[in-house]
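The values are calculated or read from the model by the stated rules, or taken from the named source; none is laboratory data. From a predicted model like this one, the values you see are computed outputs, not experimental measurements. Cβ: placed from backbone, ideal geometry, glycine included. Neighbour counts: every protein chain shown. Surface areas here come from the heavy atoms of the whole protein model, side chains and all, with no ligands, DNA or RNA. Shrake-Rupley method; radii C 1.70, N 1.55, O 1.52, S 1.80 Å.
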Amino acid sequence: MSWKVVLAGVSVSLIFGFSFLFTKNALDHLNPLTFLSYRFFVASVLFVALKFFGLVRFERKSYRKLWRLIVFQPILYFLFETMGVARINSSEAGMIVALIPIVVNVLAIFMLKERGDSIHYALLLTSFLGSVLIVGFDLTAQNLLGKLLMLLAVFSAALYTISARKLSKEFTPEEISFFMMLSGFVFFSLVSLLSGQFRLVLNVHTVSAALYLGILSSAVAFFLLNYMVKHASPILTSLFSNLTTVVACLVGVTFRGERVGFEQILGVTIVLASLFVMTNRSRQTKTKSFDQGKVTHDNENTIIRVNLLGKNLLLTPHAYQRMIERGVSLEELKKVLESEKSHAMVQKNGRIKVSDGHIEVILQLSGGALYLVTVMRKIE
């Protein structure tokens, strides 16, 4: 792993870890709806500027499909999160957010029909016990409401993640982020104005929080995450996301004098350990499945005949990595490319998509050679 990936990962963890502190500081002077209007205004202006200068580009698509994502995030997630952070410590909020990957695993069982073995379910149960410790037992009415709101934010983020699995194949991260920021600004501004809560408060806490969350958390961290995904494996990326929780706790204790109980520290340790083991097991399972195709990384390249195009396909080590991450074996890839029932079409960017209805393969012609760009398993 290069030092650039490490630097990107640490930077993302620091940005997200400090975000709870900035939110908490701003909410000392603003109500949640007004602050969310501030935040998404800055983020929207930033993305409009990026589009104006040609740094991000959008194609003609049916963006109405994104409403399912926008409802879960930014609307429900940030509404619940901001109202929750207003009622509990920022360090506690950071620990509860660590439950998102666990909830995604649970919901995937019911919504995506993904099944695991007995060890997987044991790890989920362990993480649930850890989450009970994080929420704690010494609860006041205000504290309990804040934690329940944060748990609703966690479920909203998990539902967003599951919904995004399918739509991310049709829309780019830039397109999704742009419409999320713009929708967040319009929604929270309208609700704040119509409820009579909107007021202009410009001080160092509100302005710095809006700039920090609108620019760093919404844009800079987004680009750093893209860099990490491109140059590091998912298991390493998840490790850095776990660091965010640690940073949030340290920041809350250091800058706001918050106290974190021993049982909460134990709970977040259990959750992060369970998540690490689940991610590592998933990684090993996918690698084992791929190795059954008798492809090794020692090979400089591998050739598969693409019957639809009458050409041989070059699989580079980078392409192998994409297949491992998505759990697609060599035999499955060959079946798609060699089947007479598969369909091939040329995309607007010149790349070729081959699909059998279950697996999509993206190919690129370059210098007379045909390369594998990526492969995706469609969610039914």
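Only one of (1) within 30 Å of residue 192 (Cα to Cα); (2) of a type outside the set (Val, Ile, Thr); (3) out of contact with any helix residue (DSSP H, G or I) (no Cβ under 8 Å at 6 or more places or on another chain) fails for residue 60. Which number is that?
Here residue 60 clears every test but (1).
Being modelled with pLDDT of 90 or more, over 15 Å from residue 82 (Cβ atoms) and assigned to a helix (DSSP H, G or I) is the filter here; which residues of region 175-213 pass it?
Within region 175-213, 182, 183, 186, 190, 193, 194, 204, 207, 208, 211 meet the criteria.
Of all residues in region 237-258 being of a type outside the set (Gly, Ala, Ser) and at pLDDT below 80, which is farthest from residue 223 (Cα to Cα)? Give the steps one after another, and end with the answer.
Going through region 237-258, the residues of a type outside the set (Gly, Ala, Ser) turn out to be 237, 239-240, 242-247, 249-251, 253-256, 258.
If we keep only those that are at pLDDT below 80 too, we end up with 237, 239-240, 242-246.
Values: 237: 14, 239: 18, 240: 15, 242: 18, 243: 18, 244: 17, 245: 20, 246: 22 Å.
Among those residues, the one meeting the criterion is 246.
Among the residues of region 47-61 satisfying the criterion of being at negative phi and part of a loop (DSSP other than H, G, I, E, B), which is least open to solvent (accessible area, probe 1.4 Å)?
First pass over region 47-61, keeping only residues at negative phi: 47-53, 55-61.
Applying the additional criterion that residues be part of a loop (DSSP other than H, G, I, E, B) yields 53, 55-61.
On the way: 53: 150, 55: 124, 56: 7, 57: 184, 58: 50, 59: 92, 60: 223, 61: 59 Å².
The residue in question is 56.
Test residue 351 against the criterion of being within 27 Å of residue 58 (Cα to Cα), at pLDDT below 80 and surrounded by 13 or more Cβ atoms within 10 Å (Cβ to Cβ), and give yes or no.
no
If you take the residues in region 62-78 that are without any contact (Cβ under 8 Å) to a residue 60 or more places away in the chain and in a helix (DSSP H, G or I), which one is nearest to residue 37 (Cα to Cα)? Walk me through how you get there before you give the answer.
Of all residues in region 62-78, those without any contact (Cβ under 8 Å) to a residue 60 or more places away in the chain come to 62, 64, 67, 71.
Narrowing further to those that are in a helix (DSSP H, G or I): 64, 67, 71.
Working: 64: 22, 67: 19, 71: 16 Å.
Taking the candidates together, the pick is 71.
Do we find that residue 366 is hydroxyl-bearing (Ser, Thr, Tyr) and either open to solvent by 50 Å² or more (accessible area, probe 1.4 Å) or modelled with pLDDT under 75 (or both) in this structure?
yes
Here are 195, 156: which of them is open to solvent by less than 20 Å² (accessible area, probe 1.4 Å), more than 22 Å from residue 374 (Cβ to Cβ) and not hydrophobic (A, V, I, L, M, F, W, C)?
Matching residue, one of 195, 156: 156.
Tell me which residues, restricted to region 39-56, are farther than 12 Å from residue 182 by Cα and either β-branched (Val, Ile, Thr) or touching a helix residue (DSSP H, G or I) at 6+ places or on another chain (Cβ under 9 Å) (or both). Walk me through it before giving the result.
The first filter runs over region 39-56 and keeps only residues farther than 12 Å from residue 182 by Cα, leaving 49-56.
Selection gives 50, 51, 55, 56.
If only one of 127, 37, 44 is assigned to a helix (DSSP H, G or I), small (Gly, Ala, Ser), closer than 30 Å to residue 276 by Cβ and touching a residue at least 12 places away in the same chain (Cβ under 8 Å), which one is it?
It is 127.
Kindly indicate the residue of region 160-174 that is of a type in the set (A, V, I, L, M, F, W, C) and modelled with pLDDT under 75 and also nearest to residue 78 (Cα to Cα) among those meeting that condition.
First, pick out the residues of region 160-174 that are of a type in the set (A, V, I, L, M, F, W, C): 162, 164, 167, 171.
Keeping just the survivors that are modelled with pLDDT under 75 gives 164, 167.
On the way: 164: 17, 167: 20 Å.
The extreme case among them is 164.
Against the definition (closer than 19 Å to residue 215 by Cβ, in contact with an Asp or Glu (Cβ under 6 Å, 6 or more places away or on another chain) and either surrounded by fewer than 21 Cβ atoms within 10 Å (Cβ to Cβ) or of a type in the set (D, E, K, R) (or both)), how does residue 10 come out, yes or no?
Details: closer than 19 Å to residue 215 by Cβ: yes; in contact with an Asp or Glu (Cβ under 6 Å, 6 or more places away or on another chain): no; either surrounded by fewer than 21 Cβ atoms within 10 Å (Cβ to Cβ) or of a type in the set (D, E, K, R) (or both): yes.
Criteria not met by residue 10.
Given the criteria closer than 23 Å to residue 76 by Cβ, open to solvent by less than 20 Å² (accessible area, probe 1.4 Å) and outside any helix (DSSP H, G or I), does residue 30 qualify?
Judged against the criteria, residue 30 is a match.
If the Cβ limit is 6 Å and pairs must be 6+ apart or interchain, which residue in region 81-107 that is crowded, with 22+ Cβ neighbours inside 10 Å pairs with which residue that is at pLDDT below 80 and not in a helix (DSSP H, G or I)?
Partner pairs satisfying both residue conditions: 91/260.
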